[in-house]
1. Can you give the charge dipole size of the stretch A:96-194 about its Cα centre, rounded to the nearest 20 debye, using +1 on the beta carbon of Lys and Arg and -1 on the beta carbon of Asp and Glu?
2. Calculate one ³J(HN,Hα) per residue across the stretch A:180-196 by plugging θ = phi - 60° into the Karplus curve 6.51 cos²θ - 1.76 cosθ + 1.60, and present them in order as whole Hz with x for glycine and proline.
3. Helix A:24-42 versus the longest principal axis of chain A: what angle, 0 to 90°, nearest 10, using Cα atoms?
4. Express in % the proportion of alpha carbon pairs of the stretch B:123-217 at distances exceeding 17 Å.
5. Could you tell me what a quarter of the Cα convex hull surface of the stretch B:222-364 works out to, in nm² with one decimal place?
6. Expressed as a rounded percentage, what relative contact order does the stretch A:31-175 have, with Cα pairs under 8 Å and six or more residues apart?
7. What does the accessible area per residue of the stretch A:71-219 come to in Å², with a 1.4 Å probe and no ligands, DNA or RNA counted?
8. Between beta-carbons, use under 11 Å as the cut-off and find the net charge around A:Leu38, counting Lys and Arg +1, Asp and Glu -1.
Amino acid sequence: MTHPPSAPPVAPPQPAVPAPPSAEPPRRTAFAEAVTRLRAAARTEPGRLRTIGAVVAGLLLLFGALTFYEITDRADAASTVRDSSQRLSEDASEIYRSLADANTTAAVGFLAGADEDAEVRERYERQIDHAAGLLASAAARSSQSAEAAEYIRILGLHLPEYTGLVETARTNNRQGHPLGGAYLRHADQQMHETLLRAAEDLYALETERFRSDLANARDWPWLALAAGAVALAVLGWAQRRHFLRTNRVFNRGLLAATAAAVVLLAWLAGAHTLARGALHEADRDAAQSLGVLNEAWVEALQARGDESMTLVMRGAGSEFEDSYAEHMGRLADGEGGALDEAHGLAEDIEGRSPVEAAAGASAEWAERHEAARASEQAGEYEEAVDLVIGSEDSTGQSFDRVDASLREAVEHEQAEFTAAADDGHGAFGGLPAGAVLLALLGALGAVLGIGRRLSEYR
Amino acid sequence: MPDRAERTERAARTARRGPASARARRATDRRALLLAAAGLTLAGAVLAGSVSGGPRGDGVHKAPGHAVAEPAEDGIAPAAEPEPCADGRDPAESYSAERLAGDAVERIRDRGQLIVGVDQNSYLWGYRSPETGEIVGFDLDLVQAIADDLVEEGVLGEDAQNPVKYLAIPTDQRTRAIRDQEVDMVVRAMSITCDRWEEVAFSTAYFETGQQLLVPRNSPIDGYDASLAGKTVCSAAGSTAETWLEHESHGAELVAEPNHLDCLVHVQLGLADALMTDSALAAGHIAQDPSMRLIGEPLTVESYGVAMNLNDVDLVRWVNAVLEDYRDGGSQSRWAQAADRWLQGYLYPQGEPPPAPPQPQYRD
């Protein structure tokens, strides 16, 4: 039963004829043919049943596929948030903080001159090393945006320049040359106008990216939810139709398909609600707390630097004292200060108590600062220096307490964040695989259920 | 190290110069533009006049106080001579010397302490010694002489723990501190100017200096002339040096920093090729960086004086009397000893006697 090797009996195509409308008629014919065939099928019950079966199975598979796709996407975003983008944002803030800390420590060490504590010197070295290390690993990351890479380049370029200025300042200071103070001020200016500015921009950029990843993870999987709802509605309609036509209440296959769709829809909604809640907590409670705490920490560091620079400048102008007052105000100015805000954001007692300790220490600091300032203005320079960097009742000790409390608070919030992000990510666990399995089961159920009805027509 | 008064005066001076320089360039074809600029500058002059005039009402017409003789149009530095004030008096003239206790001296006696405003950042003049932590320098030796005299004359008790209290005063706070009687006197490399005489009283001159260029040893710059073309020159913002450079830069690019010491940082870092300040402060720069040298002749003649409250005439006379003794004795005077101690090798060669101190001038 072989066909003759002749050309098919259909009208031969006319490739040589350039008439454009000639392309239309054959396609319309094929389409019309299909429609006609469908209409013919719809006129018979088996035909209708086959169509219903295909649509239901298709909808269930679509539901499963969309769930798989959207949840994989959300889970990816959640793990990006947890494993990388929040880390990047924290790294950027740590670069900023290390630089500010190094600048502050340089001023404190300068004040002590030749009597500089080895500990102060080490702290300066440590902060510079830390910042340089973070910069190196940030530069090595290939996923950087061009903008981030530029900030990192600026930081890497100017950091050695800064440390060079600090060393020159130190050398001149040890020789008793007032020129050392001018160098340190130049270094401080370089730090603020170049390094800290770039670090701040980097932090803003990474934080923005982190927030957008977080928002992505929290996005409702609308397509999957809609597909699930439609699949359930069609299943319901098919079963009602089945009941009306056969007077039989249950079709096991369709019932199994419905059960699979309901379970998947509930799982999807439940898991996403859980993840959303956890990520919301990570965002609102931990990430925002972290942001405010980082801000408070930097204000404290800068106020401390300005306090020291005021004495380094030895009465040549009031710019640093003014700047101190500004930073101190933003740190602890009652309501609206960063510490106050952090206290309001803290969720639990473990979060609140270090913030309270920091607030207490900064109040003590401000008080001692006034005493040191009074000494300086009364011409008691040595006494003022002692009140600022001395080992007893100095503003330096108050600052150290603020510093330690804020470190504790930041570590706590960081742990909270990681836990909440873990929860959020965990809520999606197994869902993509489950979606595929349930959709397949559902589709199988639908096909079997419809097949059973079809067999009644044979 | 100019204060607010000088800055105001400078604004007035700059404004006055405006139309002249506009006139000089009017030959060019961008006439309309320049006319507009001249008009603006004129408006600026009127404005600056009304501002600097303030309570005195005659700011614009004041002769430039800080001995900035207006450089001639061709830019050649004039013979450096102190500029007389509007009333024809030399600003360096002070009240005649006399130790006669009046209200001010009695105030110091009652307090048992002399309060002096000083600088802690001018090497050789007033700075913290790294060994002792004390403020030392040429200015501080003079304060010591005044304090010793007050003790000798019984104004301050011999057993006083701290006969002198030193307050570090920022440059722009000097006149305010004196007027508010926060300090009895300021001894802080402060130039005597006509404008400052409006606000504070000065002793007779205790040091003479002038604006000069300071360059690294191998610099091709050889003076305040065409060799500056294309170079970067740094000066303290609001200083006499800045005014000079703005008026005639000889083609140099100008950088203004908050303090003359910042200019030395700039030169050392290669951000500037030269700096301009007065030769006395420049001596401090050379002491901190021996590779720097002064070049050219001083452009101005300025004198340092002890600044006091306008009402404390008795104290001014007393300080003038101390200065008479301080300068007296030729190369063995306390003045010469202080110069040898701080300035020898920087302002004059090692092993040579110091120059003569400025001669006191009195107005009565």
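1. 120 debye
2. Rounded to whole hertz, the list is x, x, 5, 5, 5, 5, 5, 4, 4, 5, 4, 4, 6, 7, 10, 5, 5.
3. Helix A:24-42 sits at roughly 70 degrees to that axis.
4. 62 percent
5. The orientation-averaged projected area of the Cα hull of the stretch B:222-364 comes to 10.4 nm².
6. Contact order relative to length: 18 percent.
7. 40 Å²
8. Charge balance near A:Leu38 sits at +4.
The values are calculated or read from the model by the stated rules, or taken from the named source; none is laboratory data. Remember, predicted model here, so these are calculated numbers, not experimental data. In this analysis, Cβ positions are derived from the backbone assuming ideal geometry, glycine residues included, and neighbour counts consider all displayed protein chains. Side chains included, ligands, DNA and RNA excluded: accessible areas come from the protein's heavy atoms. Shrake-Rupley method; radii C 1.70, N 1.55, O 1.52, S 1.80 Å.
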